[in-house]
Amino acid sequence: MKVCTDACVLGAYADVGTGGRVLDIGTGTGLLALMAAQRNTMAEIDAVEVDEAAFGQASENVIASPFAERVSVIHQRIQEFYLIPKEGLYDRILTNPPFYTNNLRSPDAAVNRALHTDELPFSELIEAVVRLMKPDGQWWVLLPPYETEKLTELAQNLGLKPVKRLFLKHNRQKPIFRVITGFSFGGSQTIDETLAIYETNPQNPPGGNGSRETYTAEFRALLRDFYLIF
């Protein structure tokens, strides 16, 4: 699966700490693991991926990066990964999980694994987080609004509370299309923020050759360390 804008926002916005151990569940191309490695220069990072082709691509990306010594890519289902004894629990966990349930399937099995919850239902994802995260750790997850509500309800049943949420909009006039939520054990107050990705570019009038949309100042500030075009 290729890199998408909302996943980049997750990688730039989530609190990845200042050291310790970070886990990326379903790393795909390795995006979140590599962004965490760039932001947290002392962290040891495990990136778990079940799809063989994605695992290979993530491995190549990590090897080609400056962070190869601190990022380990693991080809395994997270439901099996958490059963193996670890050196320690994780300070931060990042997840951009599949969320489609009853939608039409793609003929591509890899696409279905990446987008549909069959192989990683929310209940099993939350169980993995509960087993793998430190008592004072944080879990950051990206989902659409409806799926965020479903996951939050399940997470709260196991003691995980939302402490921070970022509501993503394509522009300020559009509805929320994604929510980034930070969970911790026993959190009591939730801080809510909103980020619009695009805004109208007044220098390009309707009918002109240039795009009428440009990135907002807030989006540019958040992604400045990762987007070469800024």
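The values are calculated or read from the model by the stated rules, or taken from the named source; none is laboratory data. Bear in mind that the values here come from a model prediction, so they are computed numbers and not experimental data. Every residue, glycine among them, receives a Cβ derived from its backbone with ideal geometry; neighbour counts consider all protein chains shown. Note: areas computed on protein heavy atoms with side chains; ligands, DNA, RNA excluded. Shrake-Rupley method; radii C 1.70, N 1.55, O 1.52, S 1.80 Å.
As a fraction of the 1.4 Å probe accessible area of the chain, surface on carbon and sulfur atoms comes out at 51 percent.
Relative to the 2.2 N^0.38 Å rule of thumb, the range 1-100 has a C-alpha radius of gyration ratio of 0.98. Reducing the range 125-176 and the range 56-78 to their Cα centroids gives an inter-centroid distance of 25 Å. Charge dipole of the chain (Cα centre as origin; +1 on each Lys and Arg Cβ, -1 on each Asp and Glu Cβ, all else neutral): 620 debye, rounded to the nearest 20.
From most to least packed by mean Cβ count within 10 Å, the peptides 66-73, 160-167, 32-39, 171-178 give 32-39, 160-167, 66-73, 171-178. Given R₀ = 30 Å, FRET efficiency for Ser65-Leu89 by Cβ-Cβ distance, to 0.05? Plugging the Cβ-Cβ distance into 1/(1 + (r/R0)^6) gives 0.75. Considering helices alone, the calculated mean residue ellipticity of the chain at 222 nm is -9000 deg cm²/dmol, with DSSP H runs of length four and up weighted by -39500 (n - 2.57) and normalised per residue.
Could you check how many percent of all C-alpha pairs in the chain are farther apart than 28 Å? Everything past 28 Å amounts to 30 percent. Run the Debye formula on the Cα coordinates of the range 3-47, all scatterers equal and no solvent, and tell me log10 I(q)/I(0) at q = 0.16 1/Å. Ignoring solvent entirely, the Cα scatterers give -0.35.
Can you tell me the accessible area per residue over the range 1-47, all protein chains present, probe 1.4 angstrom, in square angstrom?
Result: 33 Å² of accessible area for each residue.
Between the amide H of Asn201 and those of Glu213, Thr214, distances stay under 5 Å, these residues lying 5 or more places away or on another chain, with hydrogens modeled in the peptide plane. Here the Karplus relation 6.51 cos²θ - 1.76 cosθ + 1.60, evaluated at θ = phi - 60°, turns the backbone of the range 16-24 into coupling constants of 9, x, 10, x, x, 10, 10, 10, 10 Hz, with x for every Gly and Pro.
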